[in-house]
Every structure is written in structure tokens, then in C-alpha cells.
1. Any idea how far apart M50 and S132 come out in nm if each label point goes 7 Å out from Cα toward Cβ?
2. Under a plain spin-label model, where a point goes 7 Å from the Cα along Cα-to-Cβ, how far apart in nm are K67 and N38?
3. Test of understanding: ordering T77, T33, T113, T128 by Cβ neighbours within 10 Å, fewest first, what list do you get?
Amino acid sequence: MKKSFLLILILAAGCAGVIANERTDNGFSKKFTQKFKNCDVYIENATFNMAGTVFHDSKQILGRNGKNCEYLQVTGTANGILTVSCSFNEALSRDLYNALLIKPDYRAGINKTEEIWQKAMQNPQNCTYKRSEYYSKGFQIDPEYLPAFN
């Protein structure tokens, strides 16, 4: 159950159709791609609705720590927050940057960029996960997580 929750949040954050930050077909914006190339500090926030659940996603390039590129992704819903802290070595950073340049093949239902990033982020040598659920602290919904019915 835990693993499926994590995968859903990662998938939702990466592949949902988001207007904010003009995400490209592979789920990342052009600006994110440009900044990731040299591991320049950059934060990209997006909010989207997927199957009736409002997600707030923050992709953060934290810059270099030695030769590693530090990356943080925080995805939240009304139910909780998933924080993924990553440290990508030079070779993996290059592979992830090249993955950002791949166009998805919608006819075949393949988003290779998403596959490559998921594999890197699910590797415990690269990333650590921290999950918090609001229900364990008592039921309380932050109004920012409620969908806007206009």
C-alpha cells in the first residue's frame, strides 16, 4: 500500500496535464530542463486536479553538493505530503537531462522521460522518501487543497 501511494504521487506529479509553468509533453517545463542541465538552483510549483484530487507539486533543483546535483520534490494533497530528497551523481544527472529532451510517444502510450526519472527516483541510493499523512494528526483540511468550483 505504501509503495502504491508513493508511485501514484510521483506519477501524478510528473505526468498530469498542468498549465502552470507551461509543462511540455513529457511533464517537465522547458525552463526546468534548461536549469537542470547545469544543476542551477530553480523551483517550479504547480497545482493540478487528477481524478478529483487536488495536487500541489514543487520540483526544486537545489544546486550542486560537490559533484552531485541535489533535487527535492514535494507533492501534497489534502491527505498528506510526500517529500523526495535526491542526490544525483554526474553520470545520472546527464542521463536525467537527456531524458528531459525525449518526446513522448502517445500512440504507443510511452513516456520514456517519466520511466527514466521514476527509475532514478525509486533507487534508494539516489533518493530518500518521507511521507506524512494528515489523518494521523487529526482530520483537518487546509482550504488550499480544496478544488475551486467556479
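1. Between M50 and S132, the label points sit 2.1 nm apart.
2. In this crude label model, K67 to N38 measures out at 2.1 nm.
3. T128, T33, T77, T113
Read the figures in this text as sums done on the coordinates, not as results from a lab. Quantities reported herein were computed from a predicted structural model and do not represent experimental measurements. Note: ideal-geometry Cβ built from the backbone for every residue, glycine included; neighbour counts use all protein chains shown.
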